[in-house]
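The values are calculated or read from the model by the stated rules, or taken from the named source; none is laboratory data. Quantities reported herein were computed from a predicted structural model and do not represent experimental measurements. So basically every Cβ, Gly included, is an ideal-geometry build from the backbone, and we count neighbours across all protein chains shown. Heavy atoms of the whole protein, side chains included, go into the accessibility calculation; ligands, DNA and RNA do not. Shrake-Rupley method; radii C 1.70, N 1.55, O 1.52, S 1.80 Å.
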Amino acid sequence: MAKFVTLKEAVSHVKDGDLLVVGGFGSYGSPEELLEGLAARHAETQSPKGLTITCGITPGDKLETVGENGKGYELGVNRLRAEGLITTVLCGNLTDARAIAYDVGDNKIAGYLPPMGVMVNLFRAIAGGRPGLITKVGLGTFCDPRNEGCAVNEKARQQGPIVELMTIDSEEYLFYKGFKPNVCFIRGTYADEDGHISMEREGLHGTELEIAVATKNSGGIVIVQVEEIVRRGSLRTKNIRLHEKLVDYIVRAENPDNHRQCYATPKYRPELAGEAKFATGGVAPLPFTLRKVIARRAAMELKPDSIINIGSGMPSGIGSIAAEEGLGEGMTASVESGPMGGQVQAGLSFPGVANADAIFSQTDTLDMYDGGILDMTFLGAAEIDEKGNVNVSKFAGRCIGAGGFIDISQNTKKVFFMGNFTAGKPKPDIEITGSGINIKQDGADLKYVKNVQQITFSGEYAVKSGQEVMYISERAVFKLTPDGLMLVEIAPGVDLEKDVLDKMEFKPLVSPDLKTMDVRLFNESLMNLGK
């Protein structure tokens, strides 16, 4: 039977050199009190030290209002940033654990950053006693051992590889090696007096079950943080995510701030947990800016009765355009965190979904993605090169990982990358004229480069796979061909040579049927796309 213990006793079970698995996803599901307790123990005793931290997506705060080198990031795995506490991270993404990302970038701790779907399915493989995971996810990207093999700094490369290239029936696959968790920190909503764990007030159904079984079947210790302890037999059986036989120790969070549903708000939101559906009054229209122009052009590609994935940042505006233009009929949004349908949240509330039609587990959702259930996806792009490769994971020598980007982009039938054509300071100064654009000043940084810093999306693999890929900006639209990028549209008011080709480090193919972008994109009035 699971044992109810104090925070101090719970964290005492983490030993020097342990492999610690941490549950949660960004702003959701963080075992915050356990992480706080472990950090306090290390500050007092300098133990444990030399940990390997493993996550699907690290829980943490990704706000930029912090000091130098990540000082000021206080939540999630950021709490474990004390020197010597961590020696290795094996995570799908470090965006939310910026303090740790800085240490990886500075080669202070070894960093391995596989795709998020690989990580969550590795938990399942380890739970089933398998040696690792065989998949095509990551082929051609920085995860491929012919490139970086997920090892994003020198310390990781010195420690050795975690992924191997395989051939099965003349087809290439990647084999990601399994590992043996010593202990895990995960979180649930309620524990009953026997130790069964439910999840009903959580915003997402993450990898709690997979992590717990992987740890238990590896001989490790399962430690769960809960909001409250309830009477024996009072939990609905269907709400129980972990049986008490899968749990070793349970800690009730004493500080309510350490068990918030989401970092973005102190208040519980039942519409994020699937407990209720609230009337929302519609989606607010986007301000008429270049972002809206790009989102409109991307929304022109939407098809009825499609299952779509929309990324954060620039692509998130598509939902607003679809609502404004009446394009939502029959389309269903899906997020890699599990929810399907509903309104995807922005900022720190991402990847939660209000009023979802269904909330699947993260692992089940990534399985569906890997199998090809998505009809189209809209994603951001920081760098694009002549082969159609895209980088969203490495900047200025620091790698934060891809999260679910590789799983999504590699396995979706139609992929649309969105972003401004140039970036940097001084910021681009571009006027929307009502019938086109007037480029007064461009950004100093070119985004269409000869070679991307890191391959997060492989154009070569996409061509082999027969994917339809498009790259959309405010002034130009490109398509991926077997011979590289082809320019197929330019905005009215744009000079082909001066404003497009001269702002690229390579010369793309130019379609003999080069078109002008729809003039309606640049007028504040509705485009009437739904008619």
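Observations on the structure shown:
- Residues of the chain: accessible area per residue with a 1.4 Å probe, Å²: 40 Å²
- In the chain, the DSSP-assigned H stretches of four residues or longer account for a calculated mean residue ellipticity at 222 nm of -5000 deg cm²/dmol, using -39500 (n - 2.57) per stretch and the full residue count as denominator.
- Rolling a 1.4 angstrom probe over the chain with all protein chains present gives an accessible area of which 49% lies on carbon and sulfur atoms.
- Taking 14 Å as the cut-off, the amide N atoms of region 412-438 that come nearer than this to a point 7 Å along the Cα-to-beta-carbon line of K498 belong to 437-438.
- Translational D in µm²/s for region 237-351 (Stokes-Einstein at 25 °C, 0.890 mPa s, Kirkwood Rh from C-alpha pairs): 145 µm²/s
- Estimated FRET transfer efficiency (S525, K464; beta-carbon r; R0 56 Å; 0.05): 0.85
- In terms of overall dimensions, region 107-223 has a Cα radius of gyration and Dmax of 16.5, 54 angstrom.
- Local electrostatic count at T237 - Lys and Arg +1, Asp and Glu -1, tallied over other residues with Cβ under 14 Å: 0
- Mean Cβ neighbour count within 10 Å, used as a protection proxy, ranking 207-220, 151-164, 499-512 highest first: 207-220, 151-164, 499-512
- Whole-Å semi-axes of the ellipsoid equivalent to region 213-273 (Cα gyration tensor, √5λ, descending): 24, 16, 12
- The value for region 288-352 of Rg(Cα) / (2.2 N^0.38 Å) is 1.06.
- Heavy-atom accessible area with a 1.4 Å probe sorts F175, F378, largest first, into F175, F378.
- Sequence-separation-based contact order of region 155-306, relative, with Cα cut under 8 Å and 6+ spacing, percent: 21 percent
- Distance distribution note for region 172-259: the fraction of Cα pairs above 14 angstrom is 63%.
- Between region 88-136 and region 317-364, the Cα center-to-center distance that results, in Å: 26 Å
- Region 487-524 and region 422-453: distance between their alpha carbon centers, rounded to Å: 13 Å
- ³J(HN,Hα), Karplus 6.51/-1.76/1.60, whole Hz, each residue of region 20-33, x for Gly, Pro: 9, 9, 10, x, x, 8, x, 7, 10, x, 6, x, 4, 5
- The Kirkwood hydrodynamic radius of region 17-162, based on inverse pair distances between different Cα atoms, is 15.5 Å.
- With each label modelled as a point 7 angstrom along the Cα→C-beta vector, the E193-F395 pair spans 5.3 nm.
- Overall dimensions of region 268-410 by Cα: Rg and Dmax, Å: 15.4, 48
- Hydrodynamic radius of region 453-514 per Kirkwood, over alpha carbon pairs, in Å: 12.6 Å
- A crude spin-label estimate for the pair S47 and E228, with each label 7 Å from Cα along the Cβ direction, gives 3.8 nm.
- Percent breakdown of C-alpha pair distances by 10 Å bin, ordered from the shortest bin, for region 332-414: 16, 44, 31, 8, 0
- Panel values: region 415-506, Kirkwood radius from alpha carbon pairs, Stokes-Einstein at 4 °C and 1.567 mPa s, translational diffusion coefficient 91 µm²/s.
- Taking every alpha-carbon pair within the chain, the share separated by more than 35 Å comes to 35 percent.
- Hz values of 3J(HN,Hα) by residue in region 217-227 - Karplus curve (6.51, -1.76, 1.60), Gly and Pro given as x: 6, 9, x, x, 10, 9, 10, 10, 9, 10, 6
- A simple spin-label model places pseudo-atoms 7 Å from Cα toward Cβ; at A40 and T6 they are separated by 1.0 nm.
- Under-5 Å amide H pairs with C262, H placed in peptide plane, nonlocal only: none
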